[in-house]
Amino acid sequence: MATDWIQKQVQDLKDQNLYNNILTIESAIGPEIQIEGKKLLNFCSNNYLGLANNPEMKKTAIEAIEKYGIGPGAVRTIAGTMTLHRELEEKLAKFKKAEAVITFQTGFVANLAVIPALVGEGDLIFSDELNHASIIDGCRLSKAEVVRFAHANANDLEDKLKAAPKDVKKLVITDGVFSMDGDIAPLDKIYEVSSKYGAMLMVDDAHGEGVLGNSGRGIVDHFELHGKVDIEVGTMSKAFGVMGGLAAGKKEVIEWLSQRGRPFLFSSAMTIPDVAACIAAVGLLEKSENLVKKLWENADYLRAGLKKLGFDTGISISPIIPVMLGENKLAQDMSRELFAEGLFAKAIVYPTVPQGKARIRVMNSAGHSKEQLDQALKIFEKVGKKMNVI
Ligand SMILES: Cc1ncc(COP(=O)(O)O)c(C=O)c1O
């Protein structure tokens, strides 16, 4: 059959310990979850603030369903938009201290919309070498030439901008918090260099949304670069605990995206419960900084604990903590051992990270109690010793 090659490819993945075994979760997403009938400590989701099962947000979503139904019916540019979507965009713009915001179906989609709307054939993109897959795909779709700069290295970016022709449109793109290493882009330095060479600047703050800045306002707020970064892409699928993407920036940039962002023009909008829950999430963050503070306290406690046990947590300074292991098989085996001991943290292997850089990625949440963090450290100690990692 014409598709026989697929079976062979899948078997190759299994033989190389690269097959992604997707587990089925039988409970709501929280600090504890149930898989295969077993209760586990959850250090796997991007549910940074523990909002994925928040009662207030659920109530708001249910009320919105009662009033507006479930789906938006069609693409906004063709069939009109709903008051709820406008309300979310206005609330997000105010929260992020940006002139305007446009929402997309997901963060991935936001990158596919934004990048090709800003640059095209003959233009230049300067992209951090560790940028997320959705940025890489957005760059490919744009047909602009991509120049990769060394990870989080503003000097290398400057060298590359300097060497580029002056009269070509340029876009610099960086992740905010890097999703596999947990380090933070030096956005202040990247901004200085980008503006010096007349390049537009875009940051994808998927893992900084609800995490960095005052009350989770994101990386632009963290570096106080309001009005200076041309486009801030974000997601509501992580700290907000819901689903959805966004882009924030100057009014004219956002207006342009509503005219030329292809997923905005050709794909239906976020669903009503999602939009309503996101509105409630913004309200919660505006009301109190407690969840963001708790998230960082938890992350700092766990990182220090893992380091003290002798684990290598790489360059993480955020709630994303990699436990660096190297070989794919070691990471897969360790994830299985952790699971057997009651902790869910997945192995991250090639191609998500380079070969030889496999790891367990430990994701923190404000929802974890101190007891749960101590329990997690005990499990890591037991498994780490058993596997001669520490
Ligand atoms: C940096 C970055 N951008 C975008 C996305 C995609 O976000 P979403 O899940 O909302 O599509 C992710 C998700 O992993 C991410 O890490």
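The values are calculated or read from the model by the stated rules, or taken from the named source; none is laboratory data. Note that the coordinates shown come from a computational prediction; the quantities given were computed from them, not determined experimentally. Quick reminder, even Gly has a Cβ in these numbers, built from the backbone with ideal geometry, and neighbours come from all protein chains shown. In case anyone asks, the SASA skips ligands and DNA or RNA and just uses the protein heavy atoms, side chains included. Shrake-Rupley method; radii C 1.70, N 1.55, O 1.52, S 1.80 Å.
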Study note, to complete from the structure: By accessible area (1.4 Å), largest first, Thr81, Thr3, Thr174 order as Thr3, Thr81, Thr174
Review point. Ranked from highest to lowest mean number of other Cβ atoms within 10 Å per residue, what is the order of the peptides 64-75, 331-342?
Key: 331-342, 64-75
**Study point:** Protection-proxy order for peptides 374-381, 143-150, 231-238, 356-363, each taking the mean of Cβ atoms within 10 Å per residue, highest first
**Key:** 231-238, 356-363, 374-381, 143-150
Study note, to complete from the structure: With no solvent term and unit scatterers on the alpha-carbon positions of segment 248-331, Debye gives log₁₀ I(q)/I(0) at q = 0.11, 0.12, 0.20 Å⁻¹ of -0.65, -0.73, -0.93
Exercise for review: State the percent of C-alpha pairs, over all pairs in the chain, separated by a distance greater than 25 angstrom.
Suggested key: 58 percent
Point to revise | Packing-based ranking, highest mean first, of 271-282, 10-21, 202-213 given that Cβ atoms within 10 Å are counted | key: 202-213, 271-282, 10-21
Review point. What is the Cα radius of gyration of segment 121-252 over 2.2 N^0.38 Å, N being its residue count?
Key: 1.00
Check your understanding: Among the lysines, which have Cα under 18 Å from the Cα of Lys228 when same-chain residues fewer than 8 positions away are ignored?
Key -> Lys94, Lys96, Lys97, Lys169, Lys170, Lys189, Lys196, Lys250, Lys251
Study note, to complete from the structure: Rounded to whole angstrom, the alpha-carbon centroid of segment 111-132 lies from that of segment 265-312 at a distance of 27 Å
Exercise for review: Just need the Rg to Rh number for segment 188-295, please, alpha carbons only, Kirkwood Rh.
Suggested key: 0.99
**Study point:** Beta bridges by DSSP in the chain, antiparallel share as percent, to the nearest 5
**Key:** 55 percent
**Study point:** Mean separation of Cα contacts under 8 Å, 6 or more apart, over the residue count of the chain: relative contact order %
**Key:** 22 percent
Point to revise | Most to least accessible of Leu284, Leu373 (protein chains only, probe 1.4 Å) | key: Leu284, Leu373
Review point. Along segment 302-314, what does the Karplus equation 6.51 cos²θ - 1.76 cosθ + 1.60 (θ = phi - 60°) give for ³J(HN,Hα), rounded to whole Hz, x for Gly and Pro?
Key: 5, 4, 4, x, 5, 5, 4, 6, x, 7, 8, 9, x
Check your understanding: Percent of accessible area on segment 322-370 owned by carbon and sulfur, 1.4 Å probe?
Key -> 53 percent
**Study point:** Rounded percent of accessible protein surface that carbon and sulfur make up, segment 55-287, 1.4 Å probe
**Key:** 52 percent
**Study point:** Under 14 Å from the Cα of Lys59 - aspartates and glutamates, other chains or at least 8 residues apart
**Key:** Asp274
**Study point:** Kirkwood estimate for segment 291-359, i.e. one over the average of 1/r between Cα atoms, Å
**Key:** 12.8 Å
Review point. Among the DSSP beta bridges whose two residues both lie in segment 55-287, what percent are antiparallel, rounded to the nearest 5?
Key: 40 percent
Exercise for review: Calculate the tail of P(r) for segment 55-287: the fraction of all Cα-Cα distances greater than 23 Å, expressed in %.
Suggested key: 45 percent
Check your understanding: Is it possible to state the helix-based mean residue ellipticity at 222 nm for the chain, with each DSSP H run of 4+ residues giving -39500 (n - 2.57), the sum divided by total residues, to the nearest 500 deg cm²/dmol? What is it?
Key -> -13500 deg cm²/dmol
Revision key, fill the gap. Note, segment 92-101: 3J(HN,Hα) by Karplus (6.51, -1.76, 1.60, θ = phi - 60°), whole Hz, Gly/Pro = x, goes 5, 4, 5, 4, 8, 6, 10, 5, 7, 9
Check your understanding: Hey, what's the chain come to in accessible area per residue, 1.4 Å probe, Å²?
Key -> 46 Å²
